[in-house]
Each structure stands twice: as structure tokens, then as C-alpha cells.
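Everything below concerns the one structure shown next.
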Amino acid sequence: MSSTAATVRPSRVASPAPALPPVVGADLRVPLVTGGDVAYANLDHAASAPCLQAVRDAVDEVLPWYASVHRGAGLLSQASTRIYENARETVRRFVDAPSDHDVVFTRNTTDALNLVAAVLPAETVVVTFDADHHAALLPWGGHRVRRIRAPRSADEAVAVADAELAALVADGARVAVVLTAASNVTGELWPVAELAEVSRRHGALSVLDAAQWAPHRPVSVSDLGVDFLAFSGHKVYAPFGCGALAGPAHLLRSARPYLRGGGASTLVESVGADLRVTWADGVERQEAGTPNVVGAHALAVACDTLSAHWRGVVEHEDRLARALREGIATVPGTRPLRLFDGNGPSVGVVSFGVDGTDPALVAAVLSAEYGIGVRDGAFCAHVATERLLARAGAGGRRAVRVSVGLGSTEEHVERLLAALRAVASSGPAWSYAQRDGRWVPVPDPRPVPAGLPWGGAA
């Protein structure tokens, strides 16, 4: 080779995007009132995420082995027990719960937080932020509650919580602080680790609603330093009616059972006119009744699947969320909602008010004319939504919420933005009327999908 030959340098080739786990219904097409059909744009992941293909396959595989768990002598009962307890350990790994924590299966996040309310001693003062979801605001009726007005920044949240806890502890109160990982209205991430550290410093327990974090980012009880953590299967692509709560075993096993019945008790004796009950001293103390074996298995498979794809999940959602936020900010008449000042970290949830138009009508138009699914309303966070609408200059009590996930694509976001611009400039292309409190297209020529138990004509 000549000494004057050019040096060959390897070309810089971008690494391929990580593969994403497929979801059921990704190829679903829906009819439009204007004629024809279109690929369904699922932009409502914050309410319920679609089912992962891996979860559906796992459920199909386990169904022939389904039976009631624990104490059954039959092979299917023994197999189902193993499936159920293996699911518990999978969920433990997913949330990185320490060995001194129990993982209790619940119906969903709301059920899990109501369980925490039942476990906390009656004299506990529960501190919440009023921007929270109703699941975090409402379960504490048996306790004294101190609600903190939503802060304007993460730093303010920490400072206000610090001052509030210091005052309560000085009065001799026993305190638990309810935290939200990610807002279900705006998608913004709260400073959970810092708030948990403030709680520990004042001797308070911390309770984390991770429903809107768990589908989008790895979550760790150990790293965040929280005491309790709750999340839902239907948010993490496992819509089979199961959620989970991780919490200190000594609290869960010493409190009276949240539900009382078979499984939670180990011995019931008749003593005259009364019954004497010996409650289980393990995790089953808080899992009375026949548990949701299939739902727990589905949840575990979803946890394992997401854990194996976090890089791709985060990159995919960050890309879509950035396009969504930037695009909505340019649509005339939209009023994006934000809890904190500035542009802090968030997951792919965006809510906005609409000047001069009922948000419910906007959602109906997006569905009927464009095949786009979004959510309208106050999102079970009425206090936060109304306040943020007023702050954004939109007024009213309802907004439109758009949320991305594994079932969302770039085309879905582009279609949404084009539709919002068209509605802002020209209004709906179809006629609509209110029926039973909802806007519906009139007439609605869309055929009812064959085989679905909807009943009656469209």
C-alpha cells in the first residue's frame, strides 16, 4: 500500500432504535363519520394502556392451569400457587422493594391506597398536596388530613412540606405524607426522593402514588426512599384487574386486615355467641378472598417486559412527548396546563384548555372525524384541573388530555396536531348534539363492529 494512501476511518452509523414490545390492537382500524376508516390513534394511555402482546400470550398460556391458590392438593392449584407467588417476587424486583417490605396484590392504585389508609394508625395525620389524583386525596377519611396547596415549583414543594411537617411534629403528631410520582393532569414529575427524605427527617411515613410513573420510567422503592408504593396493572399494559402495594411488612402484618374473610384468617372458633379469629401473620393477612391469579401473572409479565425494554420505552415516549408539547403550543386557542413553572421533567401526558370550545366537543370531533382517542374532563383531579385552567387563562373546569405510550406513533401525533389546527380554524366538519351529557355526532353513520356486545344500532 502506498504511504500516501488516505487513512480510512469508520463511518459514524447511528445505532438502530431499540425494539419496542408490541401491544394488542396496534393495527386496529376504526370508521369515521365522514366515510372510510383509519388506523386508530390511541392517545389516551394515561387512563388505561393497551395490553402487551406478551401479556396476552402469557395469559393464554396459563389459563389451562388456572385454579384457586393456596392449600389446594390438586396439581392445578399447586401450579397456580407457584404462578401467583412468583408474580409477587417479579413485582418486588420491578419496584426494587427491600426484603423487609411485603408486596400485596390489590385491584388497582386506588385500592392499594385505601389499604394504606386502613393500615395507618388512627391518630396519624395524613399530609397531601391538593393537586393529587382523587385516589391519593380521598381515602383518608378516618384520619386527620392536612392538605397543602399545590406549589409552583419542585423546590417550593420540598420547602413547604418541610415547614408543614416540622410544625406537625412539634405538636407531637404522628404523620404520613402522600406523594405523587407523576401528575396525571400534566405529566410532570414530582421531586419524590427529596420529599421522601424530608419525610424521613421528620419521622414521617411516605406513601407514593406511582400509577403514572410506573409505565414510563424505572421506579425503585429503595432509591426513592419511600415507605409505601402503589401502582396499577391497567396502566402498565396489563389490563386484567390487578395492582400492587409494596410496604413495610411490620405495618401490613400488624394492622387489622383491610378485607376480612377466608385467607386472611388462619383459625375461626366459636366462643359462645361470638367468633374468635386468629388472623394470618404473613402477607396473606391483607389478601382476603380468592386472589386474582391471572391478573397477578399478567402484571408480572408486563413488569418483566417493560424492564427488558426501558431504554426503548423512554426514548420512544420522550420523542413523542417533545413533538406533542411543541406542537400543541403552536395551535391557536389551546392553553397548555403546567403545575410547575419552567420546563421540568415529565412523562408523555399533556392537558390543555380550549378557547371558546367545550373540551368534550373537541374530544368527540377528534374521535368521530379523525379516529383519535383522547380524554376530556377533570381526570379525577378536579382541584388541580380547575386551578390550572384558571392559571392558563382558559377558565372552566374541563380540559383535553393527550397521553402517549407504546401504542402511539409519530403519525398519531402529527394527525392530532393537524386535526387540532383544523378544528381551531374551521370548527367541526360534522354536526354534533349533546346526549346524556356527552357530545355525539348526529347522524352517526359509523357501523358498529361486528361481534362486539354493544347492543342496538349506532
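Worth pointing out:
- Over the stretch 329-458, Cα pairs under 8 Å with separation of 6+ residues give a relative contact order of 25 percent.
- The orientation-averaged shadow of the Cα convex hull for the stretch 84-230, equal to a quarter of the hull surface, comes to 8.4 nm².
- In degrees, nearest ten, helix 53-62 long axis to first principal axis of the chain (Cα): 40
- With 10 Å bins from 0: P(r) over the stretch 212-358, alpha-carbon pairs, percent: 9, 25, 27, 19, 12, 6, 2, 0
- Pairwise FRET efficiency - A47 versus E386, Cβ, R0 = 22 Å, nearest 0.05: 0.70
- Matching label, mean projected area of the Cα convex hull in nm² computed from the structure shown, candidates [x] 24.7; [y] 32.6; [z] 26.1: [y]
- Over the chain, DSSP H runs of length four or greater, each weighted -39,500 (n - 2.57), average out per residue to a 222 nm ellipticity of -10500 deg cm²/dmol.
- Measuring how big the stretch 54-307 is from its alpha-carbon positions, Rg and Dmax come out at 18.9, 61 Å.
- Relative to its residue count, the stretch 286-352 spans a Cα convex hull of 162 Å³ per residue.
- For the stretch 184-201, 3J(HN,Hα) computed residue by residue from phi via the Karplus equation (6.51, -1.76, 1.60; θ = phi - 60°) reads 7, 9, 10, x, 5, 8, 8, x, 5, 4, 5, 5, 5, 5, 4, 4, 4, 4 Hz, glycine and proline entered as x.
- With Cα atoms, 0 to 90° folded angle of helix 359-370 axis to the chain main axis: 60
- Gain upon complete extension [T290, L452; 0.36 nm per residue less C-alpha separation]: 55.4 nm
- Relative contact order (%) - the chain, alpha-carbon pairs under 8 angstrom, separation at least six: 21
- Order of L43, L75, L20 under a 10 Å beta carbon neighbour criterion, fewest first: L75, L20, L43
- Hydrodynamic radius (Kirkwood) for the stretch 78-126, which is based on Cα pairs only, to one decimal in Å: 12.6
- When the Cα gyration tensor is reduced to axis lengths a ≥ b ≥ c, the ratio a/c is 1.5 or higher for the stretch 19-84, and with a/b above b/c it is classed as prolate.
- Taking other C-beta atoms within 10 angstrom as a stand-in for reagent exposure, R152, R415 fall in the order R152, R415, fewest first.
- Packing around the peptides 203-215, 109-121, taken as the average count of other Cβ atoms within 10 Å per residue, puts them in this order, highest first: 203-215, 109-121.
- Sorted by Cβ neighbour density within 10 Å, fewest at the top, the residues Y237, Y66: Y66, Y237
- Using the Stokes-Einstein relation with a Kirkwood hydrodynamic radius computed over Cα pairs, the translational diffusion coefficient of the stretch 314-458 at 25 °C and a viscosity of 0.890 mPa s comes to 151 µm²/s.
Since every read-out is calculated from the coordinates, none of them should be taken as a lab result. As the structure is a prediction and not an experimental result, all values here were calculated from the model. So basically every Cβ, Gly included, is an ideal-geometry build from the backbone, and we count neighbours across all protein chains shown.
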